[in-house]
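Q: There's a structure below that I have some questions on.
Here, each number is a calculation from the coordinates, and none is a lab measurement. Note that the structure is predicted; figures quoted are calculated from it, not measured. Glycine gets a Cβ as well: all are built from the backbone with ideal geometry, and neighbour counts include every protein chain shown.
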Ligand SMILES: NC(=O)c1ccc[n+]([C@@H]2O[C@H](COP(=O)([O-])OP(=O)(O)OC[C@H]3O[C@@H](n4cnc5c(N)ncnc54)[C@H](O)[C@@H]3O)[C@@H](O)[C@H]2O)c1
């Protein structure tokens, strides 16, 4: 096998290839979408469309929306007419609109499934119609989740079996709906040649995150000197992937032909810790005097989740470069600069639940 050049060089090549194109991001006002939009729109020749209903909003009143090559379309992915309008002219479509965050998923499982299933069906149908009308659709990237691997997932690869949790446990509605969309995206490639790819992000963190991710909660609490609340004994294990590495992975998936019709784990297996260790690291790195408190939590949880990323390494040249210590330091520095550490959508007294992801 030929040796791929270093990830950064490949990412640079990817950005050059995207020059002059139009990129539509559903869910583009969220954490990952807005960060990708910022990276893409640094190139003034790339037009970026953010299609989002602002359920989460990391873009209003930010410099991103003042860029002439970034446009926000406020719309719901469940509305096919709006999706048709919003995706018009895009060569690259990244579909990440979703109810993300275990808290909201458990409260609104029907909405979670609707957004995932109807939204993805709409995006794929519209992209297919665009293609049939002779428009150049270069890529449609569907966002799945690492939750498809279930409660115990050590070094899981893309070809490993996915697991479906028990019916009646609201948490698994997110994974089951995402898995269905992944099959759907793959089948649009197989049956119609629509150039789809599915992504399974493994616990992404960094500046601009919203919702109920553990790092988002822990950092804000640590900076406020409030106790960090861990579920049960905090022995759950996760691999944490810094947002910049995620964006590099996406840029590679957008342009490399080897990605077509495939699913990819995007994560950082080297940054694997227990939730307890994560909380300790955040307290130490933020110089906080916060205590740690343990809360009994009797809902299904993912106990262990570590990705195998060999497929992304081999086919894309993807390599996560930011280790946990460095990523946490950057994240804490960003939160410190925020004028007010606001509590967004925190509906359960600030109890930090490890994100679905
Ligand atoms: N962050 C992670 O660790 C992680 C892990 C696994 C999977 N994912 C997936 O990656 C994608 C992006 O996640 P994120 O962390 O940026 O989450 P996010 O919540 O910040 O972004 C999701 C966006 O989707 C939008 N949205 C929700 N319902 C919508 C609707 N009906 N119509 C239009 N827009 C709607 C929200 O307003 C939000 O801006 C999601 O599909 C998520 O499921 C993320």
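Q: R0 = 25 Å: FRET efficiency of residue 65 with residue 19, Cβ-based, nearest 0.05? Please report the intermediate quantities before stating the final value.
A: Working: r = 22 Å, r/R0 = 0.87.
Efficiency computed from Cβ-Cβ geometry: 0.70.
Q: Using a Förster distance of 56 angstrom, determine the FRET efficiency expected from the C-beta separation of residue 232 and residue 85, and round it to 0.05.
A: On the way: r = 47 Å, r/R0 = 0.83.
E(calc), rounded to 0.05, equals 0.75.
Q: Moving to a separate point now. Please give, to one decimal in nm, the separation of the simple spin-label points placed at residue 111 and residue 303, each 7 Å out from Cα toward the Cβ.
A: Going by the 7 Å Cα→Cβ label model, 3.2 nm.
Q: Segment 9-88 to segment 138-209: how many Å between their Cα centroids?
A: 22
Q: At q = 0.15, 0.16, 0.21 Å⁻¹, what is the log10 ratio I(q)/I(0) for segment 168-289, with the Debye formula run over Cα points and no solvent?
A: With one equal scatterer per Cα and no solvent, log10 I(q)/I(0) is -0.83, -0.90, -1.22.
Q: Rounding to the nearest 10 and keeping the result within 0 to 90°, find how far the Cα-based axis of helix 7-18 lies from the longest principal axis of the chain.
A: 40
Q: Please arrange 335, 174 by how many other C-beta atoms lie within 10 Å of their C-beta, fewest to most.
A: Working: 335 17, 174 28.
Ascending Cβ contact count within 10 Å gives the list 335, 174.
Q: If you don't mind, there's one more thing I want to ask. Determine the calculated [θ] at 222 nm for the chain from helices alone, applying -39500 (n - 2.57) to every DSSP H run no shorter than 4 residues and normalising by the residue count; nearest 500 deg cm²/dmol. Don't skip to the end; give the middle numbers.
A: Values: 11 runs with 139 residues, N = 357.
After summing the helix terms and dividing by the residues of the chain, the value is -12500 deg cm²/dmol.
Q: Tilt of helix 324-337 relative to the longest C-alpha principal axis of the chain, in degrees (0 to 90, nearest 10)?
A: The angle comes out near 90 degrees.
Q: Could you let me know the centre-to-centre spacing of segment 260-305 and segment 218-248, using Cα atoms, in angstrom?
A: 5
Q: Suppose the chain between residue 310 and residue 161 were pulled fully straight at 0.36 nm per residue; how much longer would it get relative to their current alpha carbon spacing? Display every interim value, and only then the final one.
A: Working: separation 149, 0.36 × 149 = 53.64 nm, distance 1.65 nm.
Working it through step by step, the gained length comes to 52.0 nm.
Q: Given a Förster distance of 35 angstrom, what is the FRET efficiency for residue 274 paired with residue 333, based on the Cβ-Cβ distance and rounded to 0.05?
A: On the way: r = 24 Å, r/R0 = 0.68.
Step by step, r from the Cβ atoms, then E = 0.90.
Q: For a quick check, take a GNM of the chain with Cα springs below 10 Å and name the residue from 246, 121, 96 with the largest mean-square fluctuation.
A: Highest fluctuation of the listed residues: 121.
Q: Pairing the Cα long axis of helix 31-41 with the longest principal axis of the chain, what angle in degrees results, from 0 to 90 and rounded to the nearest 10?
A: Roughly 50 degrees, rounded to the nearest 10.
Q: Continuing with this model, one more query. With equal scatterers on the alpha carbons only and no solvent term, can you work out the Debye log10 of I(q)/I(0) for the chain at 0.07, 0.09, 0.10 1/Å?
A: -0.27, -0.45, -0.57
Q: What share of the DSSP beta bridges in the chain is antiparallel, in percent to the nearest 5?
A: Details: 3 of 40 bridges.
Expressed as a percentage, antiparallel bridges in the chain total about 10.
Q: On full extension of the chain, what length is gained from residue 296 through residue 321, given 0.36 nm per residue of separation minus the C-alpha to C-alpha distance? Display every interim value, and only then the final one.
A: On the way: separation 25, 0.36 × 25 = 9.00 nm, distance 3.52 nm.
Going from the current span to full extension adds 5.5 nm.
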